[in-house]
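The values are calculated or read from the model by the stated rules, or taken from the named source; none is laboratory data. It should be emphasised that the depicted structure is a prediction, and the values quoted were computed from it without experimental measurement. Glycine gets a Cβ as well: all are built from the backbone with ideal geometry, and neighbour counts include every protein chain shown. For the accessible areas, the whole protein counts, side chains as well, though only heavy atoms, and no ligand, DNA or RNA atoms are used. Shrake-Rupley method; radii C 1.70, N 1.55, O 1.52, S 1.80 Å.
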Amino acid sequence: MTRKIIPITVTLTNRKLKYLRITHLMATMIVSEIKILNSFLRHLELSYFETDIFPILTFEGFNSLEYLDLSGISSEITVGVGKVPFLIHLKTLILKETKLYNVLQINASIFSFCPNIMNLDISHNYIRKVKSIGELRNLKLLNLSHNLLDNVPMVVTKLENIAELDLSHNQLTTVGKKTLDWIDTQHKKLGTFKLYLNDNSLICSCETTTLLRWIQLTKVKLDNNGNYSCWVASRNNINYTRNVIADFHHYFVNCDSTIWLKLGISLLVSVLSSLICITVLYNFRWRIIFFFFRNLRRFAEKGLQLTFDYDVYVSYSDDCVCFVKELQEKIENEWGFKICIEDRDFIIGESIATERATSINKCRHIIFIVSPSTVENEWNRFEIERAKYEKFSQNLQKIVVITKDIALDNIPVEFSIIWKDVLLIQWPVEKDEVQMAWQKLRLWFF
């Protein structure tokens, strides 16, 4: 039969009690609360408990507690869950081996119960990163030793009154320049600063020379007189910072060449980037020019109050219908411009002559597709005459003649008057040449 355990409250009322230490306790805990009434207790240590529960601490009336040690007890069942009351007079808090690495990740206000502490010891906690420890404006000593830090937490540099920082027995390979500058600032402001870096994984290399020079010149008080073991990358062995600093130029003779190498690579990359940009600009110079030309032209047309419903009017005969469809696909779907063609854009029921004349007047450019049947097509001749009129009236900007399966000698003589204004493309048969012809047409127009 299991004995029933009834939780009890222990009340401390002795005002003469100033020091209480209960440590290394292993038991089935039946005390659920420790209540302290109007106490002058200044030092309280409840450490290394192996119990099923941890009692709630309660202070009633005034309290003068200045020192609290909760080492060896998981912070998840103490400060992490609010079992410690607000302690306005607390100056020193010890939380060694309390699994803080878990609580610090999820509870940024874990130390809000002791806003005026001056000494905080959170060593031996397997801490890798510290995101926040709250606003501890009076904190002067912070012990982060025996953890797993690989860099100095930036949150430390936000503590205004820190004068002693213990980072020994971590995994630091170096200390960054910003942190070193902050330490020098604190030393200048407070008149003193102590830094502990012993037993870290420091590296002596070209990348960490800033720390080595700082150790040599700083007035900050360092443990071991600033003589730490470090891995010398250039020698592939372990030495002491004092020896490395004493023979600094010998150890880091190649650092300057590395800087010049990096500078040379940077310049080479810059030159190559410039050449690539120039090459791209040269290869696409016409497209770029015509892009700006097209926008400037539209701006000018807007200023002159010129309006066009279409970009291009296409004149063709029945034997070029297939080519017109291909032309329409290119100009409208690929190039994004609008063309006017008889089979699609003419209004049914209107006069053919009127429709042709009106449509040409609404277009910025005109393309004549000249084939053998064009010579016999009266409407093509009419469109040529109309194009002459629009060109002389300065409404039509460009006239392009594309010849297909017809010799230049057989082109309609009506073109002779405006031949100097005509842009001629003899449409090729070879695939590569066809691609060049399309490119030429696009550059001419757009």
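Considering the range 220-257 alone, what residues qualify as being in contact (Cβ under 8 Å) with a residue 12 or more places away in the chain and among the small types (Gly, Ala, Ser)? Within the range 220-257, 226, 229, 233, 234 meet the criteria. Give me a count of the residues in the range 56-72 that are out of contact with any Ser or Thr (no Cβ under 6 Å at 6 or more places or on another chain) and not polar (S, T, N, Q). So the count comes out to 9.
For the range 26-45, indicate whether the set of residues that are crowded, with 17+ Cβ neighbours inside 10 Å, part of a loop (DSSP other than H, G, I, E, B), within 49 Å of the chain's Cα centre (by Cα) and at pLDDT 75 or above is non-empty. Within the range 26-45, none of the residues are crowded, with 17+ Cβ neighbours inside 10 Å, part of a loop (DSSP other than H, G, I, E, B), within 49 Å of the chain's Cα centre (by Cα) and at pLDDT 75 or above.
Yes or no, residue by residue, for (1) farther than 29 Å from residue 332 by Cα; (2) surrounded by 10 or more Cβ atoms within 10 Å (Cβ to Cβ); (3) among the charged types (D, E, K, R); (4) at pLDDT 65 or above:
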site	(1), (2), (3), (4)
267	yes, yes, no, yes
270	yes, yes, no, yes
275	yes, yes, no, yes
281	no, yes, no, yes
288	no, yes, no, yes
291	no, yes, no, yes
298	no, yes, yes, no
306	no, yes, no, no
311	no, yes, yes, yes
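Number of residues in the range 180-211 that are part of a helix (DSSP H, G or I) and either open to solvent by 70 Å² or more (accessible area, probe 1.4 Å) or charged (D, E, K, R) (or both): the value is 6. Do we find that residue 13 is modelled with pLDDT of 80 or more, surrounded by fewer than 17 Cβ atoms within 10 Å (Cβ to Cβ) and of a type in the set (Val, Ile, Thr) in this structure? Judged against the criteria, residue 13 is not a match. Looking for something open to solvent by 20 Å² or more (accessible area, probe 1.4 Å), small (Gly, Ala, Ser) and farther than 23 Å from residue 24 by Cβ - is there at least one such residue anywhere in the range 70-77? No, that holds for no residue.
When we screen 142, 120, 70, 93 for residues that are more than 23 Å from residue 20 (Cα to Cα) and either touching a Leu at 6+ places or on another chain (Cβ under 9 Å) or modelled with pLDDT of 85 or more (or both), the only hit is 142.
The set of residues from the range 130-150 being surrounded by fewer than 16 Cβ atoms within 10 Å (Cβ to Cβ) and under 23 Å from residue 230 (Cβ atoms) comprises 148, 150. Screening 177, 219, 158 for residues that are open to solvent by 30 Å² or more (accessible area, probe 1.4 Å) and more than 32 Å from the chain's Cα centre (by Cα) leaves exactly one candidate, 219. Counting residues in the range 375-394 that are acidic (Asp, Glu) and more than 24 Å from residue 308 (Cβ to Cβ) gives one or more. Counting only residues that are of a type in the set (S, T, N, Q) and in a helix (DSSP H, G or I), which one in the range 222-247 is surrounded by the most Cβ atoms within 10 Å (Cβ to Cβ)? The selected residue is 241.
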